[in-house]
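I'd like to ask you about the structure that follows.
The values are calculated or read from the model by the stated rules, or taken from the named source; none is laboratory data. If you're wondering where the values come from, they're calculated on a predicted model, not measured in any experiment. As a convention, Cβ positions derive from the backbone with ideal geometry for all residues, glycine included, and neighbour counts pool all protein chains shown.
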Amino acid sequence: MKDARNKNKVSRPLAITIVAACSFSIGLIGALAGGLLGLFLLQPNSLPIAFQQNSTFLTIIWLVAGPILVFSSYNLFNMKKWAAQAVAAVILFDMVAGPLFVFLTQSSIDAGDVLAWSLDAITLLLLASTWHTAFDRSI
């Protein structure tokens, strides 16, 4: 009976493990950073107005997206299809909202922005490349 359960189980591709580990780390760091930014924003007199406005937006985003990434990354590691869709949705949101935020709040694009967008694109490509083997179990 134990062999019958293992026979239907698909092994986790390395790309899924990499995406799950990276998105878990980013979500955890982002949630912690959002919490710290929130604590700094509670003392508004000590911060410049421009920093307060930009940080408020980032705090709200990371306090929502961080826990979503942590939870869905854990479940992606356990090969849940909905978790892969949730991770992809958060990454797509970052790919769309990130450049808009940079263009509205900064005067130029730096290497960190390009690196972040590249990481998002690579992560989506890794998810897409393993989608059929990892999540289509109709065979």
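Of the numbered conditions (1) at pLDDT 90 or above; (2) more than 19 Å from Ile29 (Cβ to Cβ), Ser107 satisfies every one except a single condition; which is it?
Going through (1) at pLDDT 90 or above; (2) more than 19 Å from Ile29 (Cβ to Cβ) one by one, Ser107 breaks only (1).
Continuing with the same structure: Leu32: modelled with pLDDT of 85 or more, within 24 Å of Thr130 (Cβ to Cβ) and either surrounded by 15 or more Cβ atoms within 10 Å (Cβ to Cβ) or hydrophobic (A, V, I, L, M, F, W, C) (or both), yes or no?
no
List the number of the failed condition for Val96; all other conditions in (1) under 17 Å from Val64 (Cβ atoms); (2) surrounded by 12 or more Cβ atoms within 10 Å (Cβ to Cβ) hold.
With respect to (1) under 17 Å from Val64 (Cβ atoms); (2) surrounded by 12 or more Cβ atoms within 10 Å (Cβ to Cβ), Val96 is out only on (2).
Under the condition of being more than 19 Å from the chain's Cα centre (by Cα) and in contact (Cβ under 8 Å) with a residue 60 or more places away in the chain, which residue from the range 91-137 is farthest from Phe77 (Cα to Cα)?
My answer is Arg137.
Could I ask something else about it? Identify the residue in the range 64-116 that is part of a loop (DSSP other than H, G, I, E, B) and among the aliphatic types (A, V, I, L, M) and, among all such residues, is farthest from Leu37 (Cα to Cα).
Met79
Scan the range 11-31 for residues that are closer than 15 Å to Val64 by Cβ and of a type in the set (Phe, Trp, Tyr) and report the count.
0
Can you tell me which residues in the range 91-104 are modelled with pLDDT under 90 and not aliphatic (A, V, I, L, M)?
Matches in the range 91-104: Asp94, Gly98, Pro99, Phe101, Phe103.
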